[in-house]
Amino acid sequence: MLREEVVAVIVDKIIEAYNEHGRQELEAARTALIDTYAVMASAPRVYTKASQYAMSLGETGTREGIRVPGLGHMSTPRGAAAAMAFLSHSIEYDDWLAEALIHVGSVSIPIILAYGRERQMSEILKTIIASYEAALYLGSYYGRSHYTYWHSTSSTGALVAATAYILVRHGPQRRILESAIDVASAYMGGLWTVNNSQALYKPLSPANAVLTGLLAGTAAETEPARIPGALHESCRLLRGECTLKMFDKRGILLNGYKLYPTCRHSHTTIEAVKRLLEKTKVYLDGIKEIQVRVFKEAINVAGKQYPVSVEEARFSIPHLVTTMLLYRSVDFETISKSLNDPRIKSLRRKVVLVEDEDYTSRYPEEQPSTVTIKTGNKQYSETVLHPKGDPRRGDNKEEVLSKARSLKKYMPPIDQAILDKLIDAEPDTVLAEILE
């Protein structure tokens, strides 16, 4: 395939997903919308710093405009989209499309909520389906080699954001969609070494994608010119795989959900510890070593040995393993409580992370982790291949609804009511009637 043809093929997939889908895809789109809204609306009360940052990003202070969920402040559509994107990713609880290596909901849904308020729910859901399809093909085109150096939610997420903007404003118009992807390809970014140096910087990834996507989308709708080869050249320069893959399922059906508020790469490890505790009585004082055999990306992204903040603890497999061992759960409360627990600090030193090359080769289709606890002359092991919330483990709708309802205690009353409306909204309901 000629490099100039790649964008046209991907846009074919986006338009097809928008126009041709079934009830299963529509229900999956509603699930993604509910999950993203619940996370963004609860984030400010869970994480005060996120609230402060989002207010700055969100250009808040206007008397009219778009109300930012969780904050209650009014903003411009652009500011609201950026703030919602930041909030969606700030507590490490947003969704994850493994094949694309992107947190899609934090990139596309803020734009859809900010710019699609006059659309009916049926149109909103179609737009969500198509945006996840864009993420599937664009994200997999850049691939794992790109993700090693760049945070795909920030980089290829910009292309997804541009796509979502065009879809919600103009529908599936080929010429403008192709132009928006071309322009976004020239402005994408998101270097991992910067993103991962401070945990608070990481939520800027979807905000950067949204702002870049809006810039590209606005340019494309003003003057929808093509930039031949832009996608391929940006992929090549940013160490991407640059290979177009085909999938037999819609991206929205491959989407996974976080059911622990931590880095996604830690979830199979957390579950392996949980299963060990269910099967075996482990005496913490007798533990000699806790070996975690896992894929390379998990060590690179979530291998912090000595976290000093709650934000860093979310990216510390050693900390999360010991939190699960001691508290028997990993949630907002236990992560915070465990940070200064001397028992955790002592146990954490016994955690050893080991890359398994076979596991690395199987990622992201699988996210394997084997936890082995050694106590004296005995050892206990458990392996988990797919994290809880992964589509390969079945329909996640009920678990996502349960997660969303559990987050209501962190939301202002208005957002609690909006969440209930999103769950029950009819296809002909206009989005503005739900949000206002």
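Annotations for the structure displayed:
- Label point distance in nm, GLU20-GLU221, each placed 7 Å from Cα along Cα→Cβ: 2.8 nm
- Percentage of interatomic Cα-Cα distances in the stretch 264-384 larger than 24 Å: 19 percent
- Mean Kyte hydropathy of -1.0 or more with a Cα span along the axis of at least 24 Å, helices from DSSP in the chain: 23-46, 121-147, 204-222
- Table column - 3J(HN,Hα) (Hz), the stretch 351-362, Karplus curve with 6.51, -1.76, 1.60, x for Gly and Pro: 7, 10, 9, 10, 6, 9, 4, 5, 5, 4, 5, 8
- Segments 43-55, 421-433, 250-262, 89-101 sorted - mean Cβ within 10 Å per residue, highest first: 89-101, 250-262, 43-55, 421-433
- Taking amide H positions as modeled 1.01 Å from N, with prolines and chain starts lacking one, no residue 5 or more places away or on another chain lies under 5 Å from LEU71.
- Checking Cβ-Cβ separations below 4.7 Å across the chain identifies CYS263 as cysteines lacking any candidate disulfide partner.
- In order along the stretch 255-263, phi translates into HN-Hα couplings of 5, x, 10, 7, 10, 10, x, 9, 3 Hz, rounded to whole numbers, per the Karplus curve 6.51 cos²θ - 1.76 cosθ + 1.60 with θ = phi - 60° and x for Gly and Pro.
- Here the chain is treated as an ellipsoid with the same Cα gyration tensor; its semi-axes, largest first and in whole Å, are 36, 24, 19.
- Near VAL351, the amide H atoms lying under 5 Å from its own belong to ILE290; only residues 5 or more places off or on other chains count, and H is placed 1.01 Å from N.
- For the pair the stretch 215-283 and the stretch 1-50, the centres of their Cα atoms are 11 angstrom apart.
- Helix-only [θ]222 nm of the chain, DSSP H runs n ≥ 4, -39500 (n - 2.57) each, per residue, nearest 500: -17000 deg cm²/dmol
- Count Lys and Arg as plus one, Asp and Glu as minus one, and take only other residues whose Cβ is under 13 Å from that of SER131; the net charge is then 0.
- Listed residue pairs exceeding 21 Å between alpha carbons, taken from LYS202/LYS408; LYS258/LYS397; LYS202/LYS421: LYS202/LYS408; LYS202/LYS421
- Pairwise FRET efficiency - ASP285 versus ARG236, Cβ, R0 = 45 Å, nearest 0.05: 0.25
- Relative to the current alpha-carbon distance between SER145 and LYS397, full extension at 0.36 nm per residue lengthens the span by 87.6 nm.
- Taking amide H positions as modeled 1.01 Å from N, with prolines and chain starts lacking one, the residues under 5 Å from LEU191 and 5 or more places away or on another chain are HIS151.
- Gained length - VAL308 relative to GLU27, 0.36 nm times residue gap less alpha-carbon distance: 97.1 nm
- Sequence-distant lysines (8 or more away, or on other chains) whose Cα lies within less than 16 Å of LYS288: LYS345, LYS350, LYS374, LYS378
- Across the stretch 377-391, rounded Karplus estimates of 3J(HN,Hα) from the backbone phi angles (6.51 cos²θ - 1.76 cosθ + 1.60, θ = phi - 60°) give 8, 10, 8, 10, 10, 8, 10, 10, 9, 10, x, 4, x, 6, x Hz, Gly and Pro being marked x.
- The GNM of the chain, with springs linking C-alpha atoms under 10 angstrom apart, assigns the highest mean-square fluctuation among ARG67, ARG348, ARG236 to ARG236.
Rule-based calculations on the coordinates, nothing more; no lab input. Remember, it's a predicted structure, so these values are computed and weren't measured experimentally. Glycine gets a Cβ as well: all are built from the backbone with ideal geometry, and neighbour counts include every protein chain shown.
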